[in-house]
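Down below is the structure, laid out as structure tokens.
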Amino acid sequence: MYEIEFSKTAEKQLYKLDREAQSRIISTLERIRIRPYPFVKRLVDSQYFRLRAGDYRIILDIQDNKLLIFVIELDHRKSIYK
């Protein structure tokens, strides 16, 4: 099972959200801990992946050798890719 680790930026962004959005994002991340690849899509021209949690997008780095899902950034879908 993969471990989930947040960057400082992602941690701040998560705590700024309302409780409903926080719980949706946490439950989505818990769901992908066993097998993440069916739920994520690779970003174009990047080594990172994106994960959808309602109207929010989560940018991830999946490290298979360490069994680690590193959350880089999360934000609303209208502003995450800028």
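Summary table below
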item	result
Residue in segment 13-21 that is on the phi > 0 side of the Ramachandran plot and among the charged types (D, E, K, R) present	no
Lone unmet requirement of (1) open to solvent by less than 90 Å² (accessible area, probe 1.4 Å); (2) aliphatic (A, V, I, L, M); (3) over 20 Å from residue 78 (Cα atoms) for residue 34	(1)
Residue within segment 63-74 that is of a type in the set (Lys, Arg) and open to solvent by less than 80 Å² (accessible area, probe 1.4 Å) present	no
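Residue by residue, here is whether (1) open to solvent by 40 Å² or more (accessible area, probe 1.4 Å); (2) at pLDDT 95 or above; (3) of a type in the set (S, T, N, Q); (4) within 17 Å of residue 80 (Cβ to Cβ) holds:
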residue	(1), (2), (3), (4)
1	yes, no, no, no
7	no, yes, yes, yes
10	no, yes, no, yes
21	no, no, no, yes
40	no, yes, no, yes
48	yes, yes, no, yes
53	no, no, no, yes
60	no, yes, no, yes
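The values are calculated or read from the model by the stated rules, or taken from the named source; none is laboratory data. Only a predicted model underlies this, so the values are computations on that prediction, with no experimental measurement involved. Neighbour counts are summed over all protein chains in view; Cβ atoms, including those assigned to glycine, are modelled from backbone coordinates with ideal geometry. Just the protein is used for accessible areas: all its heavy atoms, side chains included, with ligands, DNA and RNA removed. Shrake-Rupley method; radii C 1.70, N 1.55, O 1.52, S 1.80 Å.
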